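Remarks on the structure that follows.
The values are calculated or read from the model by the stated rules, or taken from the named source; none is laboratory data. Note that the coordinates shown come from a computational prediction; the quantities given were computed from them, not determined experimentally. So basically every Cβ, Gly included, is an ideal-geometry build from the backbone, and we count neighbours across all protein chains shown. Ligands, DNA and RNA are excluded from the accessible area calculation, which covers all protein heavy atoms including side chains. Shrake-Rupley method; radii C 1.70, N 1.55, O 1.52, S 1.80 Å.
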Amino acid sequence: MNTGIFSYKLDKTRKNALRAKLFKHLDGFAIAPAMLVLKKQGILDTLAQQKKEAVLLSDLCTQTKAHDGYLQVALRSLCSQDWLQQTILTDGKDISYQLTSKGKIAIQWANCYQEIVAEFPTAINMDAYLFPTQKKETAAVDTMTSLYEAHAKDSTWKLPKPQNDLETEVHQQMQSHLEGLLVGPILVALGMKGFWQQFHPSKKMNFTTADLVNSTNGNEKRLTAVLQLLTQLNWLQKEDAVTYTFTPKGWFFARRATAYGVTVSYLPTFNWVEKLIFENPYLLWQLPEGVTDEVHVNRTMNVWGSGGAHTTYFRKIDEIVIDIFNRPIEQQPKGFADIGCGNGALIEHLFDIIYEHTERGKMLAKHPLFIVGADFNRAALIVTKQNLLDADVWANVEYGDISDPDLLAQNIRNKHQVELHDLLSVRSFLDHNRIYKQPETIEPNRQSTTTGAYAYRGRRLTAKEVEQDLVNHLKRWTPHINKFGLLVLELHTIAPELAAKNIGKTAVTAYDATHGYSDQYIVELPVFLNAAKEVGLQQVTRYQAMFPPSELVTVSINLLNARN
């Protein structure tokens with residue numbers, strides 16, 4: 001039982017410090033593979049040799065035969081860590097990079113990432129590694145367990161001892177990266193196994209090695225090494241030879257395991273960074289024969305991880321939905337369409353809100369809700385359908401591509417005699433995942449402001465191309481949302497120089513990398529809203545929510561409406 005030694009309520013200062021550590025953990029997944037491949041290909045050396053002069057992206061691509069889109073993603077991630085500075089040249093035709101003082105230190109220590117990045121194939125399959133179906137130990141060298149045991153004895157991570165304040169800052173930064181690379185997959189694997197959910201400060205906060213092994217059906221040797229590692233990090237405290245108790249620090253991270261889920265789910269992509277940049281830019285898209293699932297992301301893990309954050313966002317969405325479905329019935333939509341429905345969690349949540357908290361919920365017998373969940377992933381549709389049946393929520397499930405609203409509207413019309421524009425369109429974290437369509441023309445007076453790094457199958461896209469594509473995308477949707485609007489939860493980037501000044505306050509370095517390497521297009525919030533405005537969609541300002549509510553915003557909620 002909880003001994004009462006620790007108080008699990010942390011003050012704001014301590015919480016902020018641990019949250020900063022979490023964000024730095026996530027940074028490591030983007031930075032470690034990028035640093036290693038840039039070193040291997042000689043790019044870090046080229047940057048170091050230039051001294052006061054900047055290096056052009058185009059020259060680096062000529063030197064290494066790199067695909068410029070994915071190389072830009074890697075270099076921009078270093079800019080967000082304050083290791084490089086980028087300058088976007090006139091019309092975005094090229095970009096120059098220059099090492100910062102911190103960057104000059106970091107590139108000398110780049111090899112510190114080698115040992116852990118080499119274990120990415122094991123980390124990708126951490127669930128199978130910790131909880132193997134075959135329990136018999138093999139004679140093969142278990143390098144991941146050796147890593148756990150080594151770092152449980154020595155937390156220096158093979159980094160040189162810093163000699164001054166600047167080296168100390170970089171040392172701490174890289175140490176956080178390395179720590180995150182080890183513990184992130186562990187937290188996620190145990191979280192998806194349901195282990196962390198067994199604990200609460202008011203009930204039970206200690207367990208034995210046998211408890212962990214038996215409750216997860218895991219490998220005892222490997223899980224013992226995990227416990228040793230977490231003890232060295234002061235996440236656990238050993239009570240006796242076999243019993244462990246959470247520390248306040250450990251409990252902070254354990255209960256936030258889902259915060260690691262989305263980034264860790266992209267480990268397959270991070271494992272292929274070198275191939276994407278320097279070999280085959282189609283690697284994520286040329287699926288082996290017979291393979292239909294995505295290969296760049298563990299989608300089950302991704303949905304699990306994103307679900308942890310959705311609870312917060314859903315609360316902000318509630319007031320908008322309640323307002324809309326409290327209007328006079330003739331001013332209400334017939335229902336709602338969740339485009340990119342994932343596992344159906346948002347559909348279930350919205351139905352419950354409407355049913356329990358609105359006037360429409362009192363008249364469903366006379367005015368039933370028409371609900372449709374659409375997704376590009378057919379496996380997700382199966383999961384959605386079953387989850388909604390289990391929740392006793394009746395909804396239609398349709399194949400739908402965010403990039404082709406006309407086809408979705410046609411399918412709904414033909415099958416259900418309902419027009420898509422008669423529904424409230426809702427979607428979460430999806431518009432940036434549209435399939436890029438090369439614009440036939442770009443507005444001649446377009447003044448693009450996004451600082452993002454974007455690619456399509458390895459080819460670098462300029463800011464003008466991406467912003468024009470976003471405008472065209474929203475324009476395709478406008479006829480289908482012009483009556484009741486679009487309720488959109490979206491992910492954003494921020495300028496790398498702003499990220500560099502606020503390391504530990506945002507997860508944008510990881511977001512930019514996961515999305516950049518997989519041809520997704522997250523833009524700054526003002527850029528997104530300006531694109532909407534350009535096609536006649538106005539935000540309802542009283543409903544807007546930003547996370548965080550500052551210039552560092554990386555997630556927003558908006559109701560975009562064609563009516564004034």
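So how much slack lies between residue 165 and residue 275, counting 0.36 nm per residue of separation and subtracting their Cα-Cα distance, in nm?
Details: separation 110, 0.36 × 110 = 39.60 nm, distance 3.63 nm.
Taking 0.36 nm per residue and subtracting the Cα distance, the gain is 36.0 nm.
I need the shape label for the chain. Rule: rounded when a/c is under 1.5, else prolate if a/b > b/c, else oblate, with a, b, c from the alpha carbon gyration tensor. Could the numbers behind the result be given before it?
On the way: a/c = 1.83, a/b = 1.20, b/c = 1.52.
Oblate.
Under 19 Å from a point placed 7 Å out from the Cα of residue 459 along the Cα-to-Cβ direction: which residues of segment 266-281 have their backbone N that close?
276-281
How about residue 39: which lysines have a C-alpha closer than 27 Å to its C-alpha, ignoring those fewer than 8 places off in the same chain?
The qualifying lysines are 21, 24, 51, 52, 65, 93, 102, 104, 158, 161, 275, 501.
In deg cm²/dmol and to the nearest 500, what is the mean residue ellipticity at 222 nm of the chain if only DSSP H runs of at least 4 residues count, each as -39500 (n - 2.57), divided by the residue total?
On the way: 24 runs with 273 residues, N = 564.
Counting only the DSSP helices, I get -15000 deg cm²/dmol.
How charged is the neighbourhood of residue 41? Take every other residue with its Cβ under 14 Å from the Cβ of residue 41, and add Lys/Arg as +1 and Asp/Glu as -1. Show your work: numbers first, answer last.
On the way: positive: 39, 40, 65, 275; negative: 45, 59, 68, 274, 279.
Counting the neighbours of residue 41, the net charge comes to -1.
By Kyte-Doolittle mean hydropathy of at least -1.0 and Cα axial length of at least 30 Å, which whole DSSP H helices of the chain are selected? Walk me through the numbers on the way to the answer.
Values: long enough: 12-40 (42 Å, -0.04); 165-192 (40 Å, 0.37); 299-324 (33 Å, -0.13).
Long hydrophobic helices here: 12-40, 165-192, 299-324.
Suppose each label sits 7 Å from its Cα in the direction of the beta carbon; what would the residue 17-residue 378 distance come out to in nanometres?
5.3
So for 399, 266, what's the accessible-area order with a 1.4 Å probe, most first?
On the way: 399 70, 266 10 Å².
The ordering from most to least exposed comes out as 399, 266.
By how many nm would the segment from residue 56 to residue 422 grow when fully extended, if each residue of separation counts as 0.36 nm and the alpha-carbon distance is taken off? Walk me through the intermediate numbers first.
Numbers: separation 366, 0.36 × 366 = 131.76 nm, distance 5.03 nm.
Value of the extension gain: 126.7 nm.
Hey, rough spin-label estimate for residue 406 and residue 327, points 7 angstrom out along Cα→Cβ, what's it come to in nanometres?
The answer from the label model is 2.7 nm.
If you count only protein heavy atoms with a 1.4 Å probe, what accessible area per residue comes out for the chain, rounded to a whole Å²?
Details: 24650 Å² over 564 residues.
So the chain comes to 44 Å² accessible per residue, rounded to a whole number.
Quick one: 3J(HN,Hα) in Hz for segment 488-497, Karplus 6.51/-1.76/1.60 with θ = phi - 60°, rounded, Gly and Pro as x.
Result, ordered by residue: 10, 9, 9, 9, 9, 9, 9, 4, x, 5 Hz.
Can you give me the % of accessible surface on segment 293-395 that is carbon or sulfur? Probe 1.4 Å, all protein chains present, nothing else counted. Please report the intermediate quantities before stating the final value.
Values: 2670 of 5010 Å².
Roughly 53 percent, rounded to a whole number.
Based on Cα positions only, what radius of gyration and what Dmax would you give for segment 21-176, in angstroms?
18.1, 62
Percent of Cα-Cα pairs more than 23 Å apart in segment 374-470, please.
On the way: 1997 of 4656 pairs.
More than 23 Å apart: 43 percent of the Cα pairs in segment 374-470.
Considering only DSSP beta bridges with both partners in the chain, what is the antiparallel share in %, to the nearest 5? Each step should come with its number before you reach the end.
Values: 27 of 45 bridges.
Counting DSSP beta bridges with both partners in the chain, the antiparallel share is about 60 percent.
Could you give the Stokes-Einstein D for segment 100-246 in µm² per second, using the C-alpha Kirkwood radius, 37 °C, 0.692 mPa s? Please list the in-between numbers first.
Values: Rh = 16.7 Å.
D, rounded to a whole number, is 196 µm²/s.
Give me the one-decimal nm value for the distance between modelled label points at residue 367 and residue 475, 7 Å along each residue's Cα-to-Cβ direction.
Result: 3.5 nm between the two label points.
What percentage of the solvent-accessible surface of segment 480-522, computed with a 1.4 Å probe over protein heavy atoms, is contributed by carbon and sulfur atoms?
Working: 470 of 940 Å².
With neighbouring chains kept in place, the figure for segment 480-522 is 50 percent.
Using the beta-carbon distance between residue 282 and residue 437 and R0 = 22 Å, what value does 1/(1 + (r/R0)^6) give for FRET efficiency, to the nearest 0.05?
0.80
Heavy atoms only, probe 1.4 Å: what % of the accessible area of segment 1-125 goes to carbon and sulfur, would you let me know? Before the final figure, lay out the partial values.
Numbers: 2720 of 5720 Å².
Of all accessible area on segment 1-125, carbon and sulfur atoms account for 48 percent.
By how many nm would the segment from residue 65 to residue 311 lengthen if fully extended, with 0.36 nm per residue of separation less the alpha-carbon distance?
On the way: separation 246, 0.36 × 246 = 88.56 nm, distance 4.44 nm.
Net length gain for the segment: 84.1 nm.
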